């Protein structure tokens, strides 16, 4: 009988490294603890991710800055915000963020993948995760690289050191 593989994701591994007891309570003990109320930052992040993924699914001629903002507005999630005013303020900020971001992109140069699940396995573990975008920067001669793009919506600007120490990346 084949040995059962341990399923590992960046979230599970981060939970273990942060607090093994919380890992046990979250992933091993049954029944799992009751889920708390929704968080606004999760709704905000999901709204931005969905808008950017949707933008890449549009025909090239429709990939405009305004289209990205419209996708954000159409898919805005309101869960977790204190009230409509707080949600609207964050929606306006995120629209500006998304429009500013796609203004720097070449709409005619699509990524190799958007919102893709990636996985690998060893003899003992199966590691999986989700990437926001994968850019193919290899040239015709084969040089270059594949670049994982991880969208971040927090107010803290990340550095190269942050990326190097990121467990998911």
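The values are calculated or read from the model by the stated rules, or taken from the named source; none is laboratory data. A quick note: this is a predicted structure, and the numbers were derived from the prediction, not measured. Here Cβ is always computed from backbone atoms with ideal geometry, including for glycine, and neighbour counts include all displayed protein chains.
Taking only pairs six or more apart or across chains, which ones have beta-carbon atoms under 8 Å, a first residue in segment 144-156 that is at positive phi, and a second residue that is loosely packed, with under 12 Cβ neighbours inside 10 Å and assigned to a loop (DSSP other than H, G, I, E, B)? From residues that are at positive phi, the pairs are 144/137. Among the residues of segment 100-131, those identified as in contact with a strand residue (DSSP E or B) (Cβ under 6 Å, 6 or more places away or on another chain) and under 18 Å from residue 63 (Cβ atoms) are 111, 112, 113, 114.
Mind listing just one residue for me: the one in segment 33-43 that is touching a residue at least 24 places away in the same chain (Cβ under 8 Å) and outside any helix (DSSP H, G or I) and, of those, farthest from residue 127 (Cα to Cα)? Reasoning before the result, please.
Narrowing segment 33-43 to residues touching a residue at least 24 places away in the same chain (Cβ under 8 Å): 37-43.
Within this subset, residues satisfying the condition of being outside any helix (DSSP H, G or I) are 37-39.
Working: 37: 29, 38: 27, 39: 27 Å.
Applying the filter and picking the extreme gives 37.
Summed over segment 95-132, residues that are out of contact with any helix residue (DSSP H, G or I) (no Cβ under 6 Å at 6 or more places or on another chain) and part of a strand (DSSP E or B) total 14.
Whether any residue in segment 83-94 is closer than 26 Å to residue 10 by Cα, free of Cβ contacts under 8 Å to residues at least 60 places away in the same chain, touching a helix residue (DSSP H, G or I) at 6+ places or on another chain (Cβ under 8 Å) and part of a helix (DSSP H, G or I) is what I want to check.
If we filter segment 83-94 for residues that are closer than 26 Å to residue 10 by Cα, which is where we start, we get 94.
Narrowing the set further to residues that are free of Cβ contacts under 8 Å to residues at least 60 places away in the same chain leaves 94.
Applying the additional criterion that residues be touching a helix residue (DSSP H, G or I) at 6+ places or on another chain (Cβ under 8 Å) yields 94.
Next, from what is left, pick out any that are part of a helix (DSSP H, G or I): 94.
Yes; the residues of segment 83-94 include at least one that is closer than 26 Å to residue 10 by Cα, free of Cβ contacts under 8 Å to residues at least 60 places away in the same chain, touching a helix residue (DSSP H, G or I) at 6+ places or on another chain (Cβ under 8 Å) and part of a helix (DSSP H, G or I).
Of everything in segment 7-32 that is at pLDDT 75 or above and not in a helix (DSSP H, G or I), the residue that is farthest from residue 166 (Cα to Cα) is 29.
Restricting to segment 44-63, and then to whatever is touching a helix residue (DSSP H, G or I) at 6+ places or on another chain (Cβ under 8 Å) and free of Cβ contacts under 8 Å to residues at least 60 places away in the same chain, can you tell me which residue is surrounded by the most Cβ atoms within 10 Å (Cβ to Cβ)?
Applying the filter and picking the extreme gives 51.
Residue check: residue 22 meets all listed conditions (1) assigned by TED's automatic domain parsing to the domain that holds residue 92; (2) touching a helix residue (DSSP H, G or I) at 6+ places or on another chain (Cβ under 8 Å) but one, namely (1). Exactly one residue out of 113, 129, 154 is over 17 Å from residue 53 (Cβ atoms) and either surrounded by 10 or more Cβ atoms within 10 Å (Cβ to Cβ) or not assigned by TED's automatic domain parsing to the domain that holds residue 64 (or both), and it is 154.
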